[in-house]
Amino acid sequence: MRLFFALWPDVDIAARLECVAARLNITSPGRLVHSRNYHVTLAFIGEVVASRLAVLQQVGGSVRAPRCSMAFDSLEFWPQSRVVVAAALDIAPGLLSLWRQLHEAAGLPRAQLRPHVTLARKVAQAPVLQAMSQVFWRATSFSLVRSETGGAESAYTVVDTWPLLDET
């Protein structure tokens with residue numbers, strides 16, 4: 001099974017991001033990502049055997065990081081991945097702490113954190129991207145998620161969720 005740690009938006013945030021995506025002018029073969037699949041990947045684990053699931057759940061349970069806010073304020077086309085994303089240009093200290101703890105506890109290399117939500121996939125050429133209104137997201141929890149690929153769109157299942165700490 002393929003697993004990753006992620007932030008999952010509430011219904012209101014997903015709806016606001018969906019409005020941003022609806023204004024994109026994506027041509028075939030590109031397609032918009034369904035709002036039920038919006039997330040911010042914190043740590044991609046990849047393919048694991050079922051017996052490792054309990055270890056990853058312990059990793060998630062061991063993390064102590066504060067709630068954090070993000071402002072998605074930029075649309076970007078990433079040609080290597082052929083995606084259009086809503087990106088957060090500023091990284092909150094709490095988000096960076098969460099990201100670092102997950103990478104360290106899971107034994108993952110620490111590349112650069114680029115908080116983003118993928119809005120469109122299989123985008124063949126750079127679309128004309130308009131300025132976007134900021135979408136504020138206050139993360140109060142994070143999840144371990146299973147990804148199943150093979151259909152027209154990936155299917156994500158939340159395996160476990162842990163709260164982030166109050167900052168007060």
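Structure above, values below:
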item	result
All positions within the stretch 31-74 that are among the hydrophobic types (A, V, I, L, M, F, W, C) and within 15 Å of the chain's Cα centre (by Cα)	Val33, Val40, Leu42, Ala43, Phe44, Ile45, Cys68, Met70, Ala71, Phe72
Entirely in the stretch 2-112, the strands (runs of 3 or more DSSP E) that have 3 or more residues that are of a type in the set (Val, Ile, Thr)	40-47, 83-88
Hits in the stretch 93-121 (condition: surrounded by 18 or more Cβ atoms within 10 Å (Cβ to Cβ), hydrophobic (A, V, I, L, M, F, W, C) and over 26 Å from Leu53 (Cβ atoms))	Leu119, Ala120
Residues satisfying the stated conditions in the stretch 27-48, i.e. open to solvent by less than 40 Å² (accessible area, probe 1.4 Å), closer than 19 Å to Met132 by Cα and in contact with a strand residue (DSSP E or B) (Cβ under 7 Å, 6 or more places away or on another chain)	Val33, Tyr38, His39, Val40
Residue within the stretch 5-17 that is open to solvent by less than 70 Å² (accessible area, probe 1.4 Å) and within 20 Å of Val123 (Cα to Cα) present	yes
Residues of the stretch 118-156 classified as of a type in the set (A, V, I, L, M), part of a loop (DSSP other than H, G, I, E, B) and under 24 Å from Ser69 (Cβ atoms), total	3
Hey, Ser51 surrounded by 14 or more Cβ atoms within 10 Å (Cβ to Cβ) and of a type outside the set (D, E, K, R) or not	no
Flag if Asp166 is of a type in the set (D, E, K, R), open to solvent by 20 Å² or more (accessible area, probe 1.4 Å) and at pLDDT below 95	yes
Selection count, the stretch 112-152, where residues are touching a helix residue (DSSP H, G or I) at 6+ places or on another chain (Cβ under 7 Å) and within 15 Å of Arg2 (Cβ to Cβ)	1
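The values are calculated or read from the model by the stated rules, or taken from the named source; none is laboratory data. Everything numeric in this text was worked out from a predicted model, so none of it was measured. Here the Cβ is made from the backbone with ideal geometry for all residues, glycine too, and neighbour counts use every protein chain on show. The area values use the complete protein model at the heavy-atom level, side chains included, leaving out ligands, DNA and RNA. Shrake-Rupley method; radii C 1.70, N 1.55, O 1.52, S 1.80 Å.
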